[in-house]
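See below for the structure under consideration.
The values are calculated or read from the model by the stated rules, or taken from the named source; none is laboratory data. Computed from a predicted structure; not experimentally measured. Cβ sites come from the backbone with ideal geometry, for glycine too, and all protein chains shown count toward neighbours. With ligands, DNA and RNA removed, areas are computed over all heavy atoms of the protein, side chains included. Shrake-Rupley method; radii C 1.70, N 1.55, O 1.52, S 1.80 Å.
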Amino acid sequence: TRLDEGETLALTVSAGQTIVEVPTDLVGMAIEQANEALFFVGLGSSSDEQVYDEDAAAGTVLAVADGTPAELEKGSTVALVLSKGPEPRVVPSGLRGSPEASATQSLTALRLKTAVTRSFSDQVDEGVVISVLPREGATVPRDSTVTLEVSRGPNLVAVPSVGSASSISEAVAILKRAGLVAGPISGPATGPPSSTSPRAGTLGPPGRPINIGLAS
């Protein structure tokens, strides 16, 4: 464009980017919601800082980074501090060999749940933890379930009475059904079964031999 000497040329000068207010309600939002709120006013977000938090689910906005002004140029990025969720727990050592109540208390203190299975054991006293799953020292999410295998003590069975048996074979069958085996037989060959040694009601491990006494 040509102008005559002395004419005025009008210049349009930038006043800088549009200034927008940073939303004040971002804390507590899920990151997706926070991004939508920022996008609505023309801002973006970054979330390089993430920390564990016992109360906020992973991906929740915990704070706006320190030093963030109340107003920013449109198109600026707002740094957000996000939750990584509760800090993982380590299954404590010392659970094996401890009483069930003590092991459960240790897990509850870490906000871990407990499941219990019970097994017979000839080596571990009744009520004492035999094994732990996941194993001691394993890292698990908070509120996970840890399974304790607790001893029921030795697997003992009671010697049944054979007084109702009419024959040796029937007495042997009674013992077998109880998980026991017949041992030596004593008494008259024609006598009916009348007693056992150890006597009826005695507790002991399964599979042990039981002597049968015949009445005269």
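A few comments on the model shown:
- Residues in segment 161-178 that are of a type outside the set (Ser, Thr, Tyr), open to solvent by 50 Å² or more (accessible area, probe 1.4 Å) and closer than 16 Å to Gly204 by Cβ were compared, and the one that is nearest to the chain's Cα centre (by Cα) is Arg177.
- Where Ser216 falls short, out of the listed (1) under 30 Å from Ala58 (Cα atoms); (2) loosely packed, with under 13 Cβ neighbours inside 10 Å: (1)
- Only one entry in Val162, Val181, Val146, Val128 is farther than 25 Å from Glu87 by Cα, among the β-branched types (Val, Ile, Thr) and modelled with pLDDT of 95 or more, namely Val128.
- Within segment 139-160, tally of residues that are touching a residue at least 40 places away in the same chain (Cβ under 8 Å) and more than 11 Å from the chain's Cα centre (by Cα): 8
- Any hit, segment 11-29, residues being open to solvent by 100 Å² or more (accessible area, probe 1.4 Å), outside any loop (DSSP other than H, G, I, E, B) and in contact with a strand residue (DSSP E or B) (Cβ under 7 Å, 6 or more places away or on another chain): yes
- Residue within segment 98-106 that is modelled with pLDDT under 95, in contact with a Gly (Cβ under 9 Å, 6 or more places away or on another chain), of a type in the set (A, V, I, L, M, F, W, C) and open to solvent by 50 Å² or more (accessible area, probe 1.4 Å) present: no
- For segment 30-48, taking the residues that are of a type outside the set (A, V, I, L, M) and either open to solvent by less than 100 Å² (accessible area, probe 1.4 Å) or touching a Cys at 6+ places or on another chain (Cβ under 6 Å) (or both), the one that is farthest from Leu72 (Cα to Cα) is identified as Ser47.
- In segment 188-216, the residues that are more than 11 Å from Ala171 (Cβ to Cβ) form Cβ pairs under 6 Å with partners that are β-branched (Val, Ile, Thr), at six or more places apart or across chains, as follows: Pro198/Val159; Ala200/Val159; Thr202/Val159; Pro206/Val157; Pro209/Val181.
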